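This report refers to the structure that appears directly beneath it.
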């Protein structure tokens, strides 16, 4: 197995960044032919993938090259204080859907060498595998879950080692660390008040341990499946994505859920939904008054959507709970209250200069 | 300055027509610049319509109407379907990628002489040539010798 990721990025065929779709190189076309995959079908698939990843269409050949490469980067996926929801989300993504040849090909883009829930090995056999994999260099370390900061607290022990010790050892020779889910990215639910285990995000733990490896946070509870795999595909085909101030890839977290929400127009113009299932809610009006956190939540729910692009929560009449933002569980909203159904305190109608009737036709005046 | 192409040209952005979405105007102006660029340098380009901000249904319709349909249409059928239409502006192609169930995966405006997806690849052509050679090869001589003679 070749784990030198940098070699995978720039073997590219000739094409320009700003140019149109270029043709596949000889090796890629030959590999597709050998696999019995229609080159044009695969080109169409990669065009959709590039669109999803906000890459220029000129990247299509490079995506194809990454997907058909005979060398696979090793991925070590370690779980800490988590609920396995993020893994469940990932295995249901388009890339891991199975069934078609292309899906299997994408699945084969990475070599998922260690994942405790999915692999057959257990006990000493699993520990030996982890140690042998992390003795090499350049692998992608995917981390799921937060870690108790006090190494001897006893809250997380696996393989006779604390979470801190396990992570520290695994991170030493990693080429890239991907914190999957809000628990790994920001502490998430384990860190919620009163944070009994002393849970810490991977980024904060890395700072404390002096680990300076590149880190990408893929937040969400869980993250959108396509976003998890999309980040890995992006890294394999183009290198490190651009990150926001919270280390999240701007490709997926550059806009708020509100920015792409089909209910947005009534946010400024009114009327707003005042109760779940009221007439305005049914007419697709904004759920801001019902506690929707979309306006302060950066995620791709409204653009990529869930369940193979079917919908996102607002389409079911439920507001965003802000799960991809730090401390979303403990967020203080209007009237200093916590809760998913309490309107946010910032960005209120008055501060936005909206006419009173936009928000106050009915119900509580949260903005006073 | 010896060649006509050495003369710098600045394409002025046209004002949107009355009732035309500024998004449509922006896309059309970009297409115009990219087409000029292709003619000048041969550099093909593609605009991913999913990445165009504020492309609501009405704006999409306006854009499609503005580009209209030209002389060439082609369809790639390879489990997925790709509909390729040259717009009324030669060299400006509208590509619609659909998944197996027919839903649109993405739509792209390509500025090029011929979209790459339509071109045959040398690897595929060589494989096709081998298949054709096999199909045309004279059949191997039939062994009509009766069993009893061979014995």
Positions within region B:100-123 being crowded, with 17+ Cβ neighbours inside 10 Å, in a loop (DSSP other than H, G, I, E, B) and more than 7 Å from chain A (Cβ to nearest Cβ), in sequence order: B:115
Unmet criterion (only one of (1) within 13 Å of chain A (Cβ to nearest Cβ); (2) surrounded by 18 or more Cβ atoms within 10 Å (Cβ to Cβ); (3) closer than 24 Å to residue A:45 by Cα) for residue B:38: (3)
Filter region A:257-280 for residues that are within 29 Å of the chain's Cα centre (by Cα) and crowded, with 22+ Cβ neighbours inside 10 Å; which is farthest from residue A:223 (Cα to Cα)? A:267
Kindly check whether there is at least one residue in region B:44-59 that is at pLDDT 95 or above and more than 9 Å from chain A (Cβ to nearest Cβ). no
For helices (runs of 4 or more DSSP H) lying entirely in region A:122-198, having 2 or more residues that are more than 18 Å from the chain's Cα centre (by Cα) picks out A:123-133, A:163-171
Of all residues in region A:36-60, how many are part of a helix (DSSP H, G or I), under 20 Å from the mean Cα position of the chain (by Cα) and within 7 Å of chain B (Cβ to nearest Cβ)? 2
Of the residues in region B:60-79 that are closer than 22 Å to residue A:44 by Cα and assigned to a loop (DSSP other than H, G, I, E, B), the one that is farthest from the other protein chains (Cβ to nearest Cβ) is B:69
Count, please, the residues in region B:52-71 that happen to be in contact with a strand residue (DSSP E or B) (Cβ under 9 Å, 6 or more places away or on another chain) and surrounded by fewer than 16 Cβ atoms within 10 Å (Cβ to Cβ). 2
Filter region A:77-96 down to residues that are modelled with pLDDT under 75 and surrounded by 18 or more Cβ atoms within 10 Å (Cβ to Cβ) and give me whichever is nearest to residue A:111 (Cα to Cα). A:95
Taking the stated definitions as given, is residue A:241 surrounded by fewer than 24 Cβ atoms within 10 Å (Cβ to Cβ) and either assigned to a loop (DSSP other than H, G, I, E, B) or at pLDDT 95 or above (or both)? yes
Checked B:117, B:109, B:84 against criteria (in contact with a helix residue (DSSP H, G or I) (Cβ under 8 Å, 6 or more places away or on another chain) and either touching a residue at least 60 places away in the same chain (Cβ under 8 Å) or at positive phi (or both)); the one match is B:109
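The values are calculated or read from the model by the stated rules, or taken from the named source; none is laboratory data. Everything numeric in this text was worked out from a predicted model, so none of it was measured. For neighbour counting, all protein chains shown are included, and Cβ atoms are generated from backbone atoms with ideal geometry for every residue, glycine included.
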